[in-house]
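Worksheet for the structure shown next.
The values are calculated or read from the model by the stated rules, or taken from the named source; none is laboratory data. Not measured: the values here are computed from a predicted model. Quick reminder, even Gly has a Cβ in these numbers, built from the backbone with ideal geometry, and neighbours come from all protein chains shown.
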């Protein structure tokens, strides 16, 4: 519901500011990026900024470097929100592929977090082909560790990501 209201609210603000909507959107995204990168901002507010960035989808490509940077945040909520936003940006988030691959391979993260990152690679699509081996290792690790660590839905997330990435290869 809130995600549907954001564009309407931004239309109202853009009209009120006298700026074209795309100019206003970029100014708003830029402010969200500043908040996202500010180490003095509470993690909940950083996560909120990442979620707001997601409402701009591919138009938020300028936020990809900042979102990629906070994938390594100590706060799980910030990492998840950044990953969600990168997934919403989709194929335009291709610059995040190497960092996502690295985070999938980071065994300090829970399998669940690594699955979230895998899902984002699937949304980026075929350009993430060099991460296929990492995704396959993730599935293998999860199977060897015990099937109770990943739900069927999480296994499906990784399988769908692999399918989307390999669709043209």
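Numerical summary
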quantity	calculated
Verdict on residue 103 being crowded, with 22+ Cβ neighbours inside 10 Å and either out of contact with any strand residue (DSSP E or B) (no Cβ under 8 Å at 6 or more places or on another chain) or within 19 Å of residue 48 (Cβ to Cβ) (or both)	yes
Failed condition for residue 161, given (1) under 30 Å from residue 39 (Cα atoms); (2) modelled with pLDDT under 95; (3) not in a loop (DSSP other than H, G, I, E, B)	(1)
Any hit, segment 142-153, residues being surrounded by 14 or more Cβ atoms within 10 Å (Cβ to Cβ), at pLDDT 90 or above and not in a helix (DSSP H, G or I)	no
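Rundown of residues vs (1) closer than 22 Å to residue 163 by Cα; (2) within 11 Å of the chain's Cα centre (by Cα); (3) not in a helix (DSSP H, G or I), yes/no style:
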site: 74; (1), (2), (3): no, no, yes
site: 79; (1), (2), (3): no, yes, no
site: 84; (1), (2), (3): yes, yes, no
site: 101; (1), (2), (3): yes, no, no
site: 108; (1), (2), (3): no, no, yes
site: 114; (1), (2), (3): yes, no, no
site: 120; (1), (2), (3): yes, yes, no
site: 127; (1), (2), (3): yes, no, no
site: 134; (1), (2), (3): yes, no, no
